[in-house]
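Some notes on the structure that comes next.
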Amino acid sequence: MARWMWGALNALQAVFMVVVTLVGFPVALVLSVLLGPRMPLRLAAWYWSPLLFAGAGAKLEVEGAERIDWSRPMVLVANHQSMIDIPSLFRAVPVPLRFVLKREVASVPIVGWYARMMGMVFIDRGNARDARRKLGAAADKLRGNATFAAFPEGTRSKDGVVGPFKAGALQLALEAGVQVLPVAIDGAGKVLPPAGFIVRPGTIRVRFGTPIDTAGLQANERNALTQRAREQIVALLGQT
């Protein structure tokens, strides 16, 4: 009986998520045409994310945001536990935020359309030339004072343990000459596990680490930079 009730509730939560997204998309589209992308990007933080958290019965706690100079362009790199990581970062970051995403996300109805419209970057990991071109375009946006976020693991962790990092997102920061900000997301995998749609109430914590300067770093230092960012996130999560 309890399993049936949870299943019914999760179905209602899925419908709620779709409705919230459907309502928000045309508003974001109109704002983008009238005002450019800045306001609709913040709409994800002010409207979409809070409603998704309310629908999931989840609470967000943010640590360390007050220590960050958000006026500077930067690349946030975070561990990846759940699809709810994206609204968590939208809500936790106090400036317009774009993501470096897998190419497959572009084909997701509504979400993919919104992401394209907002100038987010879709990387085809099987096409190195295309990936370099798109990272170069993202680097240009960063030089124009944008903020990007990426999940260097490349996929969601099934057990919450931080996996190996791919260096593409860190290469983006090196090319643009901007800071890398490690971010630890904890609890997201319990609220919305990586497999299926099983939502449970809980607390998600977003912890901001210490920005890492890339000025003066050479291309051959990319792997060391990647490792430094990963080590910070592992430490913020209390993993060894």
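Each reported figure results from applying straightforward, stated rules to the coordinates on display, with no laboratory input. Note that the structure is predicted; figures quoted are calculated from it, not measured. FYI the Cβ positions are ideal-geometry reconstructions off the backbone, even for glycines, and counts take in every protein chain you see.
Only bridges with both residues in the range 2-237 count here: give the DSSP antiparallel percent, nearest 5.
Antiparallel: roughly 20 percent of the beta bridges in the range 2-237.
Take every Cα pair under 8 Å whose residues are at least 6 apart in sequence, average their separation, divide by the length of the chain, and the relative contact order is 25 percent. Near Phe122: Cβ cut-off under 9 Å, other residues only, Lys/Arg at +1 and Asp/Glu at -1. The net charge is +2. Centre-to-centre, using Cα atoms only, the range 46-104 and the range 169-186 are separated by 15 Å. With K and R counted +1 and D and E -1, the other residues having a Cβ less than 10 Å from that of Phe151 yield a net charge of +1. Peptides 108-119, 6-17 ranked from most to least packed, by the mean per-residue count of other Cβ atoms within 10 Å: 108-119, 6-17.
Other residues whose C-beta falls under 11 angstrom from the C-beta of Pro201 contribute a net charge of +3, scoring Lys and Arg +1 and Asp and Glu -1.
Note on Rg and Dmax of the Cα atoms in Å: of the candidates (i) 16.6, 51; (ii) 18.2, 54; (iii) 17.5, 61, the value calculated from this structure sits at (iii).
Return the loop-located chymotrypsin sites (Phe, Trp or Tyr not before Pro) in the range 132-240 (DSSP other than H, G, I, E, B) with at most 13 other Cβ atoms within 10 Å of their own Cβ; answer none if there are none. Working shown, then result.
On the way: sites: Phe148, Phe165, Phe197, Phe208; in loops: Phe165, Phe197.
Counting only loop positions with at most 13 other Cβ atoms within 10 Å, the chymotrypsin sites (Phe, Trp or Tyr not before Pro) in the range 132-240 are Phe197.
The C-alpha atoms of the chain define a longest principal axis, and helix 222-237 lies at about 40 degrees to it.
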